[in-house]
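Heads up: the structure comes next, in structure tokens.
The values are calculated or read from the model by the stated rules, or taken from the named source; none is laboratory data. On a predicted model such as this, the values are computed, not experimentally measured, just so you know. Here Cβ is always computed from backbone atoms with ideal geometry, including for glycine, and neighbour counts include all displayed protein chains.
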Ligand code: SF4
């Protein structure tokens, strides 16, 4: 399975710019990709890397610019955490991305997956990289199940750890790429899959299983949409009043709640009768 997958990867991998970037480029991409698909991340990542090519550059940036340039990637608290991370890297690590998993895990916004991905993709080190795509590929190809379980547990970690070959970083990238492009959640393309011959789920005749219930990412009419509307306005106009926001969002109660939560999250500031992005 390893050889087939690695050979396929070299021939078919997408030319994603962070794959030929610096460790910092990998860090920025992993923050952005946490909850946003590749096609939306690509243009924003390009702009960020031109504007802030190193952690030192980002560390000096104004918070309002960081929020502004995050654009419409969503979940903008990630931008603040990345900003915070750049400051820690600059002061504590003299501008170099930490090279150990425990140090990476201490950075704001870096959890188990993100630390392993940075360690593996930035430094080519052996790490257990398990994102949604990789977990689905393993669930199907190895366990013969349509879906991975909702949460990752130690049994799964131990099982997947044993699969990691010497070329650990290549293995992580290849399995992730297969899950993102061929073994997709809804329509796996088994006819062109490089590991079809050893896939247990395919061999069993594709037994159906119930998809694990994830929290739905609702948007229209939600607090998230309301927060996004306010932030987008401030990104364009720099300053806004409640009455200006009310023209964009009619539910006053929800608007007030969104303004308060954006303030609490450190994304906006209240100045007399108007609001601005946090400075
Ligand atoms: S054969 Fe089909 S189900 Fe199995 S890993 Fe390949 S794409 Fe996924």
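Among the candidates 166, 214, which residue alone is without any contact (Cβ under 8 Å) to a residue 40 or more places away in the chain, closer than 28 Å to residue 13 by Cβ, away from the ligand (no atom under 16 Å from the Cβ) and exposed (fewer than 12 other Cβ atoms within 10 Å of the Cβ)? Give the derivation first.
Working: 214 fails: without any contact (Cβ under 8 Å) to a residue 40 or more places away in the chain.
When all the criteria are applied, what remains is 166.
Within segment 196-208, is there a residue that is within 26 Å of the chain's Cα centre (by Cα), within 8 Å of the ligand (Cβ to nearest atom) and either in a loop (DSSP other than H, G, I, E, B) or outside the structural domain of residue 36 (by TED's automatic domain parsing) (or both)?
The answer is no; no qualifying residue exists.
Starting from segment 185-199, take each residue that is in contact (Cβ under 8 Å) with a residue 60 or more places away in the chain and under 20 Å from residue 13 (Cβ atoms) and list its partners that are assigned to a helix (DSSP H, G or I) and within 8 Å of the ligand (Cβ to nearest atom), counting only C-beta distances under 6 angstrom and pairs at least six apart or across chains.
These pairs meet every condition: 195/141.
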